[in-house]
Amino acid sequence: MGLLGRVEAPAARYVLGMLLLVLCIEGLARAYGLPGLGKIWAGLSALAQDGTLLHDFQVSVARWWIGWCIGGTAGVLLGLLTGRVYAVRTALEGFLLLCRAIPFISLVPLVVRIFGVAEEGKQFLVAWATTGISWLIVHHTAAGLPESLKWRAQSLGADWRTWLLQILLPYCCEGIYAALRGAVSLGWVVIAVAEMAGVYERSSGKWWSEGLGYRLFRSLGEGRDDLMMASILVFAATGIVLDQLFVQSWRLATLMPFAFRKRQVAKLVRQVRLHPSEADGDWDGARPFAVSDLAAGYDGRTVLRDVSFTVPAGQTLTVVGPSGCGKSTLIRALGCFRGGPFQVSGEVRLGFDPVTAPGPWLGIVLQDAPVFEHLTVWDNVVFGNRIRALCGQDASRQAWYLLCQFGLASAAAQAAGTLSGGQRQRLALATALANRPQVLLLDEPFGALDTITRRQLQRFYRNSVFGKVTSVFVTHDLDEALTVGDLVMVGVSHGAVTRPIEKAGRSLEEWEVSDSFTRQQRALVKLLGTLAELQDSGCDTVGRG
């Protein structure tokens, strides 16, 4: 590698940059008769000695700070609103795009006309520019939040405050950081333009302005090239300092709370280890789950139709079918996760109660295993409103029990975003179970796991979950469908076939080597073949899934 490839430390890069800058200054001095580094330093020292430099610096930074705070705050708030609230997006997105298309420099004459040379005009220009860049970045970040995270929060009973503070803002954290950091630099550029544009001669020999931009403009009129170059360098140095101050402040503001929470979780773990308990607790009574004439689709295109079945209380219905037949769409429809282009009709009942929206009655584990990455593993497990409603020790014991069962105890204080795919899948299932739902909707919950872990969790499911909660379990694995389920449904839409799985009380190991298992496995393969033929011939309604 060359010299540049070996320069890794930021300090080393800045030193190299300063050396190149010195060479550029000296090159300009030789080519255009501008002052060299020595004369620039002398002019800068003169400004510093009489207090002019410090005063101009303070004035410019104060103007930038006020404008940046106003514009950054407005941009972030508008971005969150237009990114997540459809009505606000419809009303304001077009207007904000048009406003952002107006260059701030073109507004200088209008600002002078309205504000004159008052401070509000310069602050307004900074706020205008920083609002535009902040809004755009935060808007796209907020709009990109996966719907699966929203569904998961709804199923865990999160209210709007929890949604805003613990999900939306942390998810948008990187976007907000990028927006505000970009606004730091842009706002500093605007200050230079605003201060130079706001300079004018009020009376003979008197100038109505202050700041580094004024000093830069004034030095040109006075023929002081040394002060002009000195002002340019001060602008550059100040921009670097402001950027680094923001970066380090943001880092402290985001890392310190998480570090503190990690210590708290580690303390909780030590305490609960002193008083170990299965802490399995009492689940709410299992209730039957029934679906009648369910239909679902996207943008008016039907994916599922005529879906009807009943899962008895405490039993598990496994769903198998060819790829694209709508298994994942079925999970979304059963959970009543409406929104966007997705439409669903029909009746979903939990016991005798109709279900029209997701809530704590529901536990959901999706194929991509969304977790709250910014929270610790422990805080993911205790996120649900039902487990949080328990007394402190009971909640801790229950969380610890599940973490141990799912092999996540050693990662309790770790950020969930650092987990592997298989660990994330286990955490998603543990979080759903911790909230004691009455219905579990599982979309390939063990699909990302290795064979050994998958086997362990299948056994855990049968031993610790079966009978306590009614479940719909989507899988592509026929063996898993027969192992986990009490009923199996082949296909998910019109023409789907539901059959009981006759296990006769056998253990998993006995069941999987029995003749009955082999016979039912062959019957499922035959049904799948028939369904695939129907699908190929266009006799069945299929779609995304």
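The values are calculated or read from the model by the stated rules, or taken from the named source; none is laboratory data. Values in this document were obtained by computation on a predicted structure and should not be read as measured data. Note that each Cβ is placed from the backbone with ideal geometry, even for glycine, and that neighbours are counted across all protein chains shown.
State which residue is farthest from residue 267 (Cα to Cα) when the search covers only region 362-396 and only residues that are surrounded by fewer than 20 Cβ atoms within 10 Å (Cβ to Cβ) and at pLDDT 85 or above.
If we take residues in region 362-396 being surrounded by fewer than 20 Cβ atoms within 10 Å (Cβ to Cβ) and at pLDDT 85 or above, then 373 is farthest from residue 267 (Cα to Cα).
Pull up region 49-91, narrow it to residues that are small (Gly, Ala, Ser) and touching a helix residue (DSSP H, G or I) at 6+ places or on another chain (Cβ under 7 Å), then point me to the one that is surrounded by the fewest Cβ atoms within 10 Å (Cβ to Cβ).
Just the residues of region 49-91 that are small (Gly, Ala, Ser), to begin with: 51, 60, 62, 67, 71-72, 74-75, 79, 83, 87, 91.
This time we only want the ones that are touching a helix residue (DSSP H, G or I) at 6+ places or on another chain (Cβ under 7 Å), so: 60, 67, 71-72, 74-75, 79, 83.
Details: 60: 25, 67: 27, 71: 28, 72: 26, 74: 17, 75: 28, 79: 26, 83: 22.
Across region 49-91, the extreme among qualifying residues is 74.
Select the helices (runs of 4 or more DSSP H) contained entirely in region 358-419, then report the ones holding at least 3 residues which are within 22 Å of residue 456 (Cβ to Cβ).
In region 358-419, the matching helices (runs of 4 or more DSSP H) lie at 377-381, 392-405.
Please verify whether region 364-371 includes one or more residues that are touching a Pro at 6+ places or on another chain (Cβ under 8 Å) and among the β-branched types (Val, Ile, Thr).
yes
Could you check, for region 319-328, whether at least one of its residues is in a helix (DSSP H, G or I), within 15 Å of residue 491 (Cβ to Cβ), at pLDDT below 85 and under 31 Å from the mean Cα position of the chain (by Cα)?
Pass one, region 319-328, residues in a helix (DSSP H, G or I): 327-328.
Pick out the ones that are also within 15 Å of residue 491 (Cβ to Cβ) and you get 327-328.
With at pLDDT below 85 added as a condition, the list becomes 327-328.
Those still in the list that are under 31 Å from the mean Cα position of the chain (by Cα) too: 327-328.
Checking region 319-328: at least one residue is in a helix (DSSP H, G or I), within 15 Å of residue 491 (Cβ to Cβ), at pLDDT below 85 and under 31 Å from the mean Cα position of the chain (by Cα).
Just for strands (runs of 3 or more DSSP E) wholly inside region 196-311: which have at least 1 residues that are at pLDDT 85 or above and among the basic types (Lys, Arg)?
Working: elements: 201-203, 289-298, 301-311.
Ranges flagged: 301-311.
Filter region 111-131 down to the residues that are farther than 17 Å from residue 195 by Cβ and loosely packed, with under 14 Cβ neighbours inside 10 Å and list them by number. Steps first, please.
Here is the first cut: in region 111-131, the residues farther than 17 Å from residue 195 by Cβ are 113-114, 131.
The answer is 113, 114.
If I ask for residues that are among the small types (Gly, Ala, Ser) and more than 17 Å from residue 242 (Cβ to Cβ), which ones from region 156-193 would you list? Break it down into steps so the answer makes sense when it comes.
Filtering region 156-193 for residues among the small types (Gly, Ala, Ser) gives 157-158, 175, 178-179, 182-183, 185, 187, 192.
Selection gives 157, 158, 175.
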